[in-house]
Amino acid sequence: MSNRWIRRLLTIAASLALLAVLGSAWFTHRLMVEVLTGRAFANLAQPEIDDPLKIGYRGDPGRAFGLPWQEVVLETPLGPAPAWFIPAPDMGGKRLAIFVHGIGGAREDGYPFLPELHDAGLPVLLITYRNDAGAPPAPDGLHAFGLTEWRDLEAAYDWAENHGYDSVLLVAASMGGGIAGQFLARSDLAGMTAGVVLDAPALDFPATLRHITRRMGLPLGGIGTALALPAFGFSHGLDLSLAKATNAFIHFKGPLLIFHGEADRIVPPETSKALLAARGGNTVLVLTPGDHLQSRDTAPERFTAALTDLITALPR
């Protein structure tokens, strides 16, 4: 084979490789746009789910559990956002549980934790934040994996402090974990947090994006993700490479309980395993066989026991 043909073959191979990289980056960028603008969740069918302990159930706490509740308003930096407050049987305590749902989720996603929280005598606040139904839209219309939403969680802490609570058990699911981490790292009110419970927490957006594209079988997904992140920052003005909250939980001094399904197709369980290893102590990781946010459904006894143990062990 002549040198000319060798050069042609190399040129073709290089061109195909470049096209594969550009295609991967373009697909990943489009995926980010659909997810972070919320369009990926706009047309999802809502099946009738009768069990409030299952993710996807929709209905207020009275309908779900027959519990007394009230809708309250959180004064976020963008305007008022609704929240559901469920009082405890004994309202003399100074500790409140606050639940933060994930992207595309809702307040009801906190229901899997509610029986244990209520039985332990904790009042519960299920919050909304920017871009949720009934809450103010973000100026750019984007979900930011905690980079902006942490201020709305701070408004919930403000509400708690103004209503006589001085201690919070922070419970967060999926992207709510990223919001919780950014809050712990940035807010002056983070010291009120007595303990944290995380369910399939999305603590590292780049790692989550790589996990999703890898499971989708996208060729050169790692390179595509590396290119798509700055491209999204250029096109939408949001640098999601900064959406990493693991260090905030490494430095959190209180008890930490993490649930994560080994079959999670959205958030890699490896991020929770790495957090456990980095913390070194005062941490429990419950690995279950479930998919995303399915730990209670797939391991109910372990879920209940671990959650009850953490609540009981919190300092009074």
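The values are calculated or read from the model by the stated rules, or taken from the named source; none is laboratory data. Since we're looking at a predicted model, the values are computed, not measured. Counting neighbours? That spans all protein chains shown, and the Cβs are built from the backbone with ideal geometry, glycine included. Accessible surface is based on the protein model in full, side chains and every heavy atom, while ligands, DNA and RNA are left aside. Shrake-Rupley method; radii C 1.70, N 1.55, O 1.52, S 1.80 Å.
Worth pointing out:
- Whichever residue in region 258-289 is in contact (Cβ under 8 Å) with a residue 40 or more places away in the chain and of a type in the set (Ser, Thr, Tyr) and, among such residues, is nearest to Phe113 (Cα to Cα): Ser272
- Residues satisfying the stated conditions in region 244-266, i.e. in contact with a helix residue (DSSP H, G or I) (Cβ under 7 Å, 6 or more places away or on another chain), in a loop (DSSP other than H, G, I, E, B) and at pLDDT 95 or above: Ala245, Phe252, Pro255, Glu262
- Check on Ala156, open to solvent by less than 20 Å² (accessible area, probe 1.4 Å) and hydrophobic (A, V, I, L, M, F, W, C): yes
- Residue selected from region 292-316 under the condition exposed (fewer than 15 other Cβ atoms within 10 Å of the Cβ) and not polar (S, T, N, Q), by the criterion farthest from Asp199 (Cα to Cα): Arg316
- Count of residues meeting criterion [open to solvent by 10 Å² or more (accessible area, probe 1.4 Å) and either of a type in the set (S, T, N, Q) or within 14 Å of Leu310 (Cα to Cα) (or both)] in region 119-133: 5
- Just one residue in the set Asp60, Asp140, Asp152, Asp109 is within 22 Å of the chain's Cα centre (by Cα), touching a residue at least 60 places away in the same chain (Cβ under 8 Å) and farther than 18 Å from Gly176 by Cβ; that residue is Asp140.
- When Gly164 is tested against (1) open to solvent by 30 Å² or more (accessible area, probe 1.4 Å); (2) closer than 19 Å to Pro82 by Cβ, only condition (2) is not met.
- Long-range neighbours under 6 Å by Cβ, at least six apart or interchain, first residue under 14 Å from Trp69 (Cβ atoms) within region 113-136, second buried (at least 19 other Cβ atoms within 10 Å of the Cβ) and among the β-branched types (Val, Ile, Thr): Leu117/Val124; Val124/Ile86; Leu125/Ile98
Okay, residues lined up against (1) assigned to a helix (DSSP H, G or I); (2) β-branched (Val, Ile, Thr); (3) surrounded by 24 or more Cβ atoms within 10 Å (Cβ to Cβ):
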position: Gly177; (1), (2), (3): yes, no, yes
position: Gly181; (1), (2), (3): yes, no, yes
position: Gly191; (1), (2), (3): yes, no, no
position: Val197; (1), (2), (3): no, yes, yes
position: Pro201; (1), (2), (3): no, no, yes
position: Ile212; (1), (2), (3): yes, yes, no
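- One residue stands out among those in region 265-291 that are within 18 Å of Ile250 (Cα to Cα) and hydroxyl-bearing (Ser, Thr, Tyr): the one that is surrounded by the most Cβ atoms within 10 Å (Cβ to Cβ), which is Ser272.
- Residue check: Asp239 meets all listed conditions (1) among the acidic types (Asp, Glu); (2) open to solvent by 40 Å² or more (accessible area, probe 1.4 Å); (3) within 19 Å of Asp199 (Cα to Cα) but one, namely (3).
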